[in-house]
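Here's the structure, in structure tokens; my notes come after.
The values are calculated or read from the model by the stated rules, or taken from the named source; none is laboratory data. What you see is a predicted model, and the numbers here were worked out from it, not measured in a lab. Reconstructed Cβ throughout: ideal geometry from the backbone, glycine too, with neighbour counts over all protein chains shown. Ligands, DNA and RNA are stripped out before the accessible areas are found, and what is left, the full protein with its side chains, is counted by its heavy atoms. Shrake-Rupley method; radii C 1.70, N 1.55, O 1.52, S 1.80 Å.
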Amino acid sequence: MGDKGSTVIDPNTLLSPEDKAAKVYQAIRDGDLDTIAAMALSTDGLLSDDIRREVWPLFLGYADFTADGIKLHNVTRPDWETLPPHKDEDQVRLDVERSFVYYPKNMSPRETTERKKELSRVIIEVLRRHPMLCYFQGFHDICQVFLLVLGVEDAVIATEHIALLRIRDFMLPSLAPALDHLHLLYPLLLSADKPLCEHLSRTRPFFALAATLTLYAHDIQEYSNIARLFDVFLATDPVFPLYLFAQVVLQRRDELFDIPDDEPEMLHSVLSKLPKPLDLEGLINKALMLLEKFPPENLSTWRQISNKSVLKTSRRSGVILKGQTKRISGDLQEAEQLLLKQISEIERKKKIDKLCEQIAKYKPQIVTIGAAVIVGIGAVAVVALRKNGYTLALPELVNPVGLVKSVFGIFRRT
């Protein structure tokens, strides 16, 4: 990270846990979110859930620095239980039953049942308060992390902020915007390692979907690791989870070259599972360098991303915001409006795709009918024009397009 403009503070990796915690709390007192973000990116992240409970609300935009410390935004809202049920609540209950498999460890059956009730409440409240959101399988894994770190009440607020401001593209009625994220992967790999990218070119990038969709919460089995990873995700750009996956691929280079490039199913199977053990700190550090060296704006498929996508509306300049962190937007109403516009884009694209399919299906008939209509109109026009003393040259008569142009030209003159 020695390049000019690097914003990651490498000396933080040399601090003892005690000194690092002291530095974070001093930055909180100073209202210095840039330093806090740098600490979140350095080795071991924010160290403890006590610090995360202070800092994550700042990263998500629903808390501010005050003279008395960090203060959460206070919004009066109706009781969520009085709100209409969301269409996805049945699926939520099914997924919640499969939660808390890996962590916390050593919970009693009674404690597990209580945790599942809390998780269900967090997800359903968020969906009822924002009914335009579409639940996806794996969202409960993300919510589980917020519940364990923040507790029920704060987890609700954090979850609705990450849903609308960081992973909104995943909570639309179509998977297409999420797949658009994946189409950034190969241009990124091409920039970083062209031979490897070419080796994988027969394999579609859908192997990255599960990990990036759930912010790795479905795949990482150690609580300390996923909490530490969320430190980075919340302190950096929404595109960073994809860069992390790209770095995972890059570090498996030798393993992937051992698999023939004409076996895309085998490559997909290997790439869809994270390697074990996972060098999390090494991956994070190198992925941050990857983001600085090859920002998404320089990737060939970036222009295909909707301007309403979170990748663009929440785009940050640089790895850490460098002064911009003091104004992280937590405007949920604005995010809801963007979501509704994305839904409109999806519906419009569906109509266009359907029309194109119909045109392709009936193309021969359309061409035949169109030619007949043109010839018919031309014949009628020729007769009418001759009655009025106009003549047409032979090239105009045998060329339907030229005929129509000539006819309209004569009509304009008359």
- Quick one: Ala217 ticks every box in (1) more than 27 Å from Ala63 (Cβ to Cβ); (2) modelled with pLDDT of 95 or more; (3) not in a helix (DSSP H, G or I) bar one, so which box is it? (1)
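Could you tell me which of the residues Ile123, Ile142 is at pLDDT 95 or above, touching a Ser or Thr at 6+ places or on another chain (Cβ under 7 Å), closer than 21 Å to Ala211 by Cβ and β-branched (Val, Ile, Thr)?
Going through Ile123, Ile142 in turn, the sole match is Ile142.
Residue by residue, here is whether (1) closer than 16 Å to Val145 by Cβ; (2) among the acidic types (Asp, Glu); (3) open to solvent by less than 20 Å² (accessible area, probe 1.4 Å) holds:
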| residue | (1), (2), (3) |
| --- | --- |
| Thr212 | yes, no, yes |
| Ile226 | yes, no, yes |
| Leu250 | no, no, no |
| Asp254 | no, yes, no |
| Phe257 | no, no, no |
| Asp279 | no, yes, no |
| Asn285 | no, no, no |
| Lys293 | no, no, no |
| Ser306 | no, no, no |
- Task: Run down Val310, Val319 and say which single residue is surrounded by 13 or more Cβ atoms within 10 Å (Cβ to Cβ), modelled with pLDDT under 85 and within 30 Å of Ala38 (Cβ to Cβ).
- Result: Val319
- Item | Any hit, the stretch 182-200, residues being out of contact with any strand residue (DSSP E or B) (no Cβ under 8 Å at 6 or more places or on another chain), under 30 Å from Arg52 (Cβ atoms) and surrounded by fewer than 20 Cβ atoms within 10 Å (Cβ to Cβ) | yes
- Note on the structure: Per the list (1) open to solvent by 40 Å² or more (accessible area, probe 1.4 Å); (2) without any contact (Cβ under 8 Å) to a residue 40 or more places away in the chain; (3) within 29 Å of Leu14 (Cα to Cα), residue check on Arg53 breaks on (2)
- Message: Please go through the stretch 132-169 and give me each residue that is open to solvent by less than 10 Å² (accessible area, probe 1.4 Å) and among the hydroxyl-bearing types (Ser, Thr, Tyr), ordered by number.
- Response: Thr159
- Can you confirm whether the stretch 9-21 contains a residue that is under 15 Å from Ala235 (Cα atoms) and at pLDDT below 95? yes
- Message: Based on this model, can you work out whether Leu133 counts as in contact with a helix residue (DSSP H, G or I) (Cβ under 7 Å, 6 or more places away or on another chain) and closer than 19 Å to Arg166 by Cβ?
- Response: yes
- Out of the stretch 120-140, which residues are over 23 Å from the mean Cα position of the chain (by Cα) and not small (Gly, Ala, Ser)? Arg121
